[in-house]
1. Treat each spin label as a single point 7 Å out from the Cα along the C-beta direction, and report the residue 304 to residue 222 distance in nm.
2. With the dipole of the chain worked out from charges on the C-beta (+1 for Lys and Arg, -1 for Asp and Glu) around the Cα centre, which of 250, 15, 297 lies farthest toward the positive end?
3. Quick one: among 297, 310, 63, which has the greatest mean-square fluctuation in a GNM of the chain with alpha-carbon springs under 10 angstrom?
4. Taking only the Cα atoms of the chain, how large is their convex hull per residue, in Å³?
5. For segment 76-91, what does the Karplus curve 6.51 cos²θ - 1.76 cosθ + 1.60, with θ = phi - 60°, yield as ³J(HN,Hα) per residue in whole Hz, taken in order and with x for Gly and Pro?
6. Is there a quick way to get the dipole size of the chain? I mean about its Cα centre, with the Cβ of Lys and Arg at +1 and of Asp and Glu at -1; what is the value in debye to the nearest 20?
7. Full extension from residue 24 to residue 288: what is 0.36 nm times the residue separation minus their Cα-Cα distance, to one decimal in nm?
8. When the chain is fully extended, how far beyond the present Cα-Cα distance does residue 137 get from residue 328, taking 0.36 nm per residue of separation?
Amino acid sequence: MKVLVTGGIGYIGSHTVYELIKAKHDVVIVDNFSNSKKETLEKLKNLVGQDLSFYEGDVCDKAFLEKVFQEEKIDVVIHFAGFKAVGESVEKPLLYYQNNLESTLTLLEVMGKHNCKNLIFSSSATVYGSPEHLPIKEDFPLSTTNPYGTTKLMIEKILKDLYQSDSSWNITILRYFNPIGNEESGTLGEDPKGIPNNLMPYIVRVATGELEILSVFGDDYDTKDGTGVRDYIHVVDLARGHVLAAEKLSGLSIYNLGTGHGYSVLDLVKTFEKVNNVKVPYKITDRRPGDIAMCYADVTKAKEELSFEAEKTLEDMCRDSYTYIKNCKKQG
Ligand code: WQD
């Protein structure tokens, strides 16, 4: 099938493009490089060993999207494009609501007009807010505490209402836990601009000496070692989950994509040091406002209905993350 991947040059998008091609699907990529680099497109072509159908433009631009759908017979759309920095969304809420909602509404309108009604939406475990119980199931209560998370929740609601109005749509919502790592060659990877907000991109920069020391945001949580616990999933496993979801689209479905295991901040630091034989100096600092103590997925539904199960280990995630950053340093 021919799959349109919006945000297909981004961190998760580029890994999903790679897995789609490995699964022998045709791919069309749309990206405006607002949070990705042009050289990633060339790296992706080298990785897959073939040219790629790529359109540079903004998913908010209806005329641009119309052009793509007129030139390409799209079977399924995987929609990644959107802003995703929690902290930035608090500082610039209108930017996030405008971009993330308008791009999705424009995409849905153009898809409907071209009778392409098969959609995979990139959502996030952030829609669960601070869970009462663990592990988290897809039917748990939803609440958000930042504009980024709220855009995801709003778009999920839009998609549910769209399906209620027209059940000829096939829509799958995928709620990611904490994606880290990259494909093992270290060609693709997460490369946030500026100082990283997330844990793994920060750890790798401390390991290479680019940053001096890791701040561990609090060690007084009610967890095994007091530091925050999250369900880290290898981005290659996450990408595979998208391919399976795209191949099994039917009706309206929602799935957690995680491993079902929680690891603490110190678990990540110690595992990273062990598999890469490097030191990651850290200091304990105050909690980060808005952080929750623990979060990990119940992964039963994706396993039973998509035959999806994460395969890579925390060691794989730590090793592959370091491979990527070392490659980046080599390339200068
Ligand atoms: C993980 C743990 C921190 C940085 C975020 C978004 C979520 C999703 C994934 C988009 C926490 C601790 C972190 C640091 C630290 N993004 N930490 N020092 O906050 O679980 O989720 O990214 O969908 O929406 O909220 O991920 O990597 O920022 O933090 O101690 O320098 O690491 O307190 O316990 P988070 P994270």
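Rule-based calculations on the coordinates, nothing more; no lab input. Computed from a predicted model, the values in this text were never measured in an experiment. Positions of Cβ are generated from backbone atoms using ideal geometry, with glycine treated the same way; all protein chains shown enter the neighbour counts.
1. A separation of 2.9 nm, rounded to one decimal place.
2. Positive-most Cα among the choices belongs to 15.
3. So, out of 297, 310, 63, the one fluctuating most is 63.
4. On the way: hull volume 41.3 nm³, N = 332.
Per residue, the Cα convex hull of the chain comes to 124 Å³.
5. In residue order, the calculated couplings are 9, 10, 10, 9, 9, 3, x, 7, 9, 8, 4, x, 5, 5, 5, 6 Hz.
6. On the way: 38 positive and 48 negative charges, 86 e Å.
It works out to roughly 420 debye.
7. Details: separation 264, 0.36 × 264 = 95.04 nm, distance 4.30 nm.
In short, 90.7 nm is gained.
8. Working: separation 191, 0.36 × 191 = 68.76 nm, distance 3.75 nm.
That works out to 65.0 nm of additional length.
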